[in-house]
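The values are calculated or read from the model by the stated rules, or taken from the named source; none is laboratory data. The structure displayed is predicted, hence computed values, not measured ones. We place every Cβ from the backbone using ideal geometry, glycine too, and count neighbours over all the protein chains shown.
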Ligand code: SF4
């Protein structure tokens, strides 16, 4: 199969990482522009089957260890091909390119990150032409309805910029079309397991109101893929019975979760952050993180390199939340989900968001309700949790009311606990078996009587103490 190429080609290499020390060059990624685009051409005469055009420096013209811009455009033609399939074919790129041993392909659309290993060069890789030809061979073997295919690979900085701008318009048009449809209008949702090579228990559930976390597959794209390639990674999911409309729980989705995660989890709630969240494979465009100190959520995209207010950058949190797990407190999403009317509706939608990088906030500004726009901080307003807390108080963020309500509750609990036993006795309810009291210890005043000190709040605790001795510090 792969005799004409100086590298092995096999699904067993899917998921292989090329570490920095082993890399010959990096393409796209966080420092350079990069994109991939598939275009269906109606007139087959406009596609020269097997042709490869390279614009810019080829592989051997590149300096070892450096990063370069990278654009990959494919023109395809075939009787059964329709425009609707462009996104579907484009996403399969993430499946096929990693089949090449020593070639790492991550992410999608305008976020692609590729590394070519030193071993590939050692074994005889000389040109992008070999990469493009191997990729096209895989496409045509796996998807025989592609009758003609040609590739244009671009590494020239200016040309990548120019073509990326055109590609962004195409991605935008696809997303806008998807926004017009809603979950109530669909009888079935779609699943995607393309990323199980990287995250074996991850199951993406793509609905009209919840586009994929990689941002590359809308409900329409998954529907087209399932139709044209029923043996492929996309498949319909019967909604079944709706168990919770607000949080988005469906029996059909739960059944698929059990089946496709190998029993790793059995519930998925589509519109929540804190309860049975959707899994995150690692391709997500944005990661959400809960900040318990302010009881609110922050979002960060992979283009923001600095630390967020919780002290962690995107890469650390992605490592924690990726891999196909359900991780409470973290959630990977696609940028289009911000525009969904069901965006975190289980938790109150945008009212729980407190921080985003400026560039991301600007990008999704239209999706943020007007009364929340000034209440979401960016790196220009705050850099840590303490500052974020002050910011939220200053702008009267909706979560601040919750802090106040909880503080009041705690004060009441403290007052109850501190009240003389005799006075409290008449109101005491009968303790039922299995019922645990909530204990709240009063604040300890430091020696000298100054305000402050520490306060311990123990809730639902079952502690037996025979004796407590408190001594004043000498
Ligand atoms: S992130 Fe999800 S929807 Fe996107 S390709 Fe991977 S499995 Fe499919």
* Structure fact -> The condition from (1) surrounded by 19 or more Cβ atoms within 10 Å (Cβ to Cβ); (2) closer than 24 Å to residue 174 by Cα; (3) under 31 Å from the mean Cα position of the chain (by Cα) that residue 39 misses is numbered (1)
* To do: Could you tell me whether residue 276 is in contact with a strand residue (DSSP E or B) (Cβ under 8 Å, 6 or more places away or on another chain) and on the phi > 0 side of the Ramachandran plot?
  => yes
* **the stretch 180-195: number of residues that are in a helix (DSSP H, G or I) and within 11 Å of the ligand (Cβ to nearest atom)** => 2
* Structure fact -> Residues of the stretch 57-78 being touching a strand residue (DSSP E or B) at 6+ places or on another chain (Cβ under 6 Å) and surrounded by 15 or more Cβ atoms within 10 Å (Cβ to Cβ), in sequence order, are 62, 67, 68, 70, 71, 72, 73, 74, 75, 76, 77
* To do: Determine, yes or no, whether residue 241 is without any contact (Cβ under 8 Å) to a residue 40 or more places away in the chain, more than 13 Å from the ligand (Cβ to nearest atom) and closer than 16 Å to residue 343 by Cα.
  => no
* residue 403 is checked against (1) assigned to a helix (DSSP H, G or I); (2) in contact with a strand residue (DSSP E or B) (Cβ under 6 Å, 6 or more places away or on another chain) and fails just one. What number does that condition carry? -> (2)
* Structure fact -> Checked the stretch 196-216 for anything at pLDDT below 85 and near the ligand (Cβ under 9 Å from one of its atoms); matches are 198
* Filter pass, residue 261 being within 15 Å of the ligand (Cβ to nearest atom) and farther than 29 Å from residue 368 by Cα -> yes
* If we keep just the residues of the stretch 82-95 that are buried (at least 22 other Cβ atoms within 10 Å of the Cβ) and away from the ligand (no atom under 11 Å from the Cβ), which is farthest from the chain's Cα centre (by Cα)? -> 85
* To do: Go through the stretch 234-350 and tell me which strands (runs of 3 or more DSSP E), entirely inside it, have 1 or more residues that are more than 14 Å from the chain's Cα centre (by Cα).
  => 234-238, 242-244, 286-291, 296-301
* Looking at the stretch 228-238, which of the residues that are over 16 Å from residue 142 (Cβ atoms) and either more than 13 Å from the ligand (Cβ to nearest atom) or not assigned by TED's automatic domain parsing to the domain that holds residue 208 (or both) is surrounded by the fewest Cβ atoms within 10 Å (Cβ to Cβ)? -> 238
* Scan the stretch 279-307 for residues that are farther than 19 Å from residue 360 by Cα and surrounded by fewer than 19 Cβ atoms within 10 Å (Cβ to Cβ) and report the count. => 3
* Asked: at pLDDT below 95 and either within 14 Å of the ligand (Cβ to nearest atom) or out of contact with any helix residue (DSSP H, G or I) (no Cβ under 7 Å at 6 or more places or on another chain) (or both), is that true of residue 173?
  -> yes
